[in-house]
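Presented below is the structure to which this report refers.
Read-outs throughout are calculated quantities, based only on the coordinates presented, and are distinct from any laboratory measurement. Not measured: the values here are computed from a predicted model. FYI the Cβ positions are ideal-geometry reconstructions off the backbone, even for glycines, and counts take in every protein chain you see.
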Amino acid sequence: MKAFLLSLSVLLVAIVVAATATPDCDPIDESSTFRVFHINSPCSPFRSSYRPSWEDSVLQMQSADKARLQYLSSLVARRSDVPLASGTAVTKNPTYVVRTRIGTPPQTLFTAFDTSYDVAWIPCSGCDGCASTTFDGSRSSTFKALRCGAPQCSQVPNPSCGGAVCVFNVTYGGSVITATLAQDTVALSADSISGYTFGCVRKTTGVSFPAQGLLGLGRGPLSLVSQAGEIYRSTFSYCLPSYKSVNFTGSLRLGPVAQPKRIKTTLLLGNPRRSSLYYVNLVGIRVGGRVVNIPPSAFAYDPVSGAGTVFDSGTVFTTLVKPAYTAVRDELRRRMGTAVVSSLGGFDTCYNIPIVVPTITFMFSGMNVTLPQDNFLIHSSSGTVSCLAMAAAADGGVNSRLNVIANFQQQNHRVLIDVPNSKLGVAREACT
């Protein structure tokens, strides 16, 4: 069966926008190539006119990460109720959006994509609480609402019957969403997927709902990876550029063609309670050349409780269970000697002198990922303050046992997801 490659240009701006070049926001799609934008990029329709200070930007992203981690905990715990996020969350999760065409004739939306979610949601006309840009199914000749008896109705969370139509309710970060299940043609650049099943959003509350919808890249049956499995063979990879990149370009490739051949991989672990998440086996962490002392229980995978380690594209900063984070932090502080340590929001290890630790290595079964300073230190716009860009998992509940490898730590690495072969690979790649 012919496999396709989707090369996606990714645009990511600095936390404090420093670039002076004028971006090309209206490129002509060629072949199966299309762009992915960071939500705060100059090309994003969601970019705010408000330009916060560096400190405010960090605090905003940390606030959004709290809602994101609550969402991840709801997945592993199978809860349908998640507390609403703080109203200070300005940066919405997930972080990247893609230009998507839906219906016949096509209507264009900027949909977010998320490696930890399955069902696509599209804000539909008449939606209560959605943004002004919505999809109008009455204008599409291929749109079809799915009835309660459709097999897909049993694959969405909390299904019910609204008349004869399948309705479902779900929480996502700080949002509560009500949608009807529908099908239509979805076009990703030159690739068209007929009869794509998605949630037609009718009502949303809260702050985390992506303004023009979402495409899920998780492992479940209604994700893009599964629904387009005959085209892409449930394989994709992505490379996210650094937030301080001058060119702001990276890529996401769907399908086995042109994926890296020489890449170290680790086993993808299956979670029968929630198949969406990409679990891996983290076995140790090295700070510089020293493997820090972390109890094996901090990394132990447990499909019942949801404990373990996941890769996630929507969380910004990596969180480690408390014993693991404390060991990493304390080793970094030890190397800094008597230098004065300060804090910023959730970051408890900041210095106003250069940090001397050259690398941090995540050690997985069969694969080590060595991060340079750009992947574990966040610097102020003036360069006078540097912080360890990780945090300890919250106390109590599922989050206290879940390590999340987030997108800041993934930047300038090619992350390969090969579901048929149960592999996740990571290789250093300069995608800026």
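For this structure, a couple of remarks:
- Placing +1 on the Cβ of every Lys and Arg and -1 on the Cβ of every Asp and Glu, with no other charges, gives region 287-342 a dipole of roughly 320 debye about its Cα centre.
- The shape of region 293-432 comes out oblate: with a ≥ b ≥ c from the C-alpha gyration tensor, a/c is at least 1.5 while a/b does not beat b/c.
- Between the residues Thr171, Leu240, Gln183, the greatest Cα displacement towards the positive end of the dipole of region 89-245, with unit charges on the Cβ of Lys, Arg, Asp and Glu, is found for Leu240.
- Estimated FRET transfer efficiency when R0 is 30 angstrom, pair Arg147-Val304 (beta carbons, to 0.05): 0.30
- For the pair Val356 and Leu267, the difference between a 0.36 nm per residue extended length and the Cα-Cα distance amounts to 28.8 nm.
- Under-5 Å amide H pairs with Thr309, H placed in peptide plane, nonlocal only: Val280, Leu282, Asn403
- Gained length - Glu230 relative to Asp136, 0.36 nm times residue gap less alpha-carbon distance: 31.0 nm
- Förster radius 22 Å - calculated FRET efficiency between Lys203 and Lys322, Cβ distance, rounded to 0.05: 0.05
- Computing FRET efficiency as 1/(1 + (r/R0)^6) for Thr370 and Asn169, where r is the C-beta to C-beta distance and R0 is 30 Å, gives about 0.10.
- Computed from label points 7 Å out along Cα-Cβ, the spacing between Ser382 and Asn158 is 4.7 nm.
- Modelled this way, with points 7 Å down the Cα-to-C-beta line, the labels at Ser125 and Ser343 are 5.2 nm from one another.
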